[in-house]
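The values are calculated or read from the model by the stated rules, or taken from the named source; none is laboratory data. Not measured: the values here are computed from a predicted model. Please note: Cβ atoms are built from the backbone with ideal geometry, for glycine as well, and neighbour counts cover all protein chains shown. Note: areas computed on protein heavy atoms with side chains; ligands, DNA, RNA excluded. Shrake-Rupley method; radii C 1.70, N 1.55, O 1.52, S 1.80 Å.
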Amino acid sequence: MGNSKQLLVVKLGGSSASSPDLPRWVKALDQASIPIVVVPGGGPFANTVRRYQPKLGFDDRAAHEMAILGMEQFGLALISLSSRMVRARDREEIETAIQAGNIPVWLPRDAALTAPDIAQDWSVTSDSLAAWLARRLTAKHLCLIKQIDVPEGADVEALIGAKIVDDGFSEYLGPMASVHVAGPGDLSSAGFRLAEGKIPGQVLQRYAMGLAAAV
């Protein structure tokens, strides 16, 4: 992708759907001066799938597709709140949107259900799909917007252990992407940072301290 050296993939957590901070995050993203792609979380839409799966008895493959559709529902809501966000389903639509000065919101159903390297079950959440997309687009940076602040120096494995990201996240993450996590404490400066071409949040260590030298 032509802008891959600067490209930032931003996963906006679906949990923000119930937060009064959501419009502020959307406004901050709208100020970005670098090319960004937004990956919506599933939030309450995916949670509804989780809640009704044991009641209705549909299998994990069906639940996976329904949760993907939940991401698309949240994505459509984000687009309606934004002055720059537009729909994008594939690389071509992402590139077209960026070239037009817009912010593509990835609607993942087509890609996520046909890619052979994406598991079709609950082991894959929107975090892993964002990592997968960043790798596919050879994006240099990935930013996860969460409803919690992570401490400085946190590493990917610690977030997996704390269930802040899913177990497969590091597997889907490409080797070139730097990973940032932005929480409520980063919101006040996020718009300014993005306008200056910077990324909000804490940079995650890729490996636990003491293990990096052995990897």
Return a yes/no flag: does the range 141-148 have any residue that is among the β-branched types (Val, Ile, Thr), surrounded by fewer than 19 Cβ atoms within 10 Å (Cβ to Cβ) and part of a helix (DSSP H, G or I).
-> no
Matching residues in the range 149-173 - criterion: being open to solvent by 40 Å² or more (accessible area, probe 1.4 Å) and either touching a helix residue (DSSP H, G or I) at 6+ places or on another chain (Cβ under 6 Å) or touching a residue at least 40 places away in the same chain (Cβ under 8 Å) (or both) | Asp149, Pro151, Glu152, Glu157, Ala158, Asp167, Ser170, Glu171
So which residues in the range 29-52 are open to solvent by 30 Å² or more (accessible area, probe 1.4 Å) and not in a loop (DSSP other than H, G, I, E, B)?
-> Pro44, Phe45, Asn47, Thr48, Arg50, Arg51, Tyr52
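How many residues does the range 174-204 hold that are touching a strand residue (DSSP E or B) at 6+ places or on another chain (Cβ under 7 Å) and either crowded, with 18+ Cβ neighbours inside 10 Å or of a type in the set (A, V, I, L, M) (or both)?
Of the residues in the range 174-204, the ones touching a strand residue (DSSP E or B) at 6+ places or on another chain (Cβ under 7 Å) are 177-182, 190, 199-204.
Applying the additional criterion that residues be either crowded, with 18+ Cβ neighbours inside 10 Å or of a type in the set (A, V, I, L, M) (or both) yields 177, 179-182, 190, 199-204.
Residues flagged as touching a strand residue (DSSP E or B) at 6+ places or on another chain (Cβ under 7 Å) and either crowded, with 18+ Cβ neighbours inside 10 Å or of a type in the set (A, V, I, L, M) (or both) within the range 174-204 amount to 12.
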Scan the range 90-114 and report the pairs whose first residue is farther than 22 Å from Gly42 by Cβ and open to solvent by 60 Å² or more (accessible area, probe 1.4 Å) and whose second residue is outside any helix (DSSP H, G or I) and of a type in the set (Phe, Trp, Tyr), with Cβ atoms within less than 9 Å and a gap of 6+ or a chain change.
-> none
Among the residues of the range 1-28, count how many are without any contact (Cβ under 8 Å) to a residue 40 or more places away in the chain and part of a loop (DSSP other than H, G, I, E, B).
-> 1
Please identify the pairs in which a residue from the range 174-202 that is farther than 19 Å from Glu157 by Cβ has its Cβ atom under 7 Å from the Cβ atom of a residue that is in a loop (DSSP other than H, G, I, E, B) and of a type in the set (Asp, Glu), counting only partners at least 6 apart or on another chain.
-> Pro184/Asp21; Pro184/Asp149; Gly185/Asp149; Leu187/Asp21
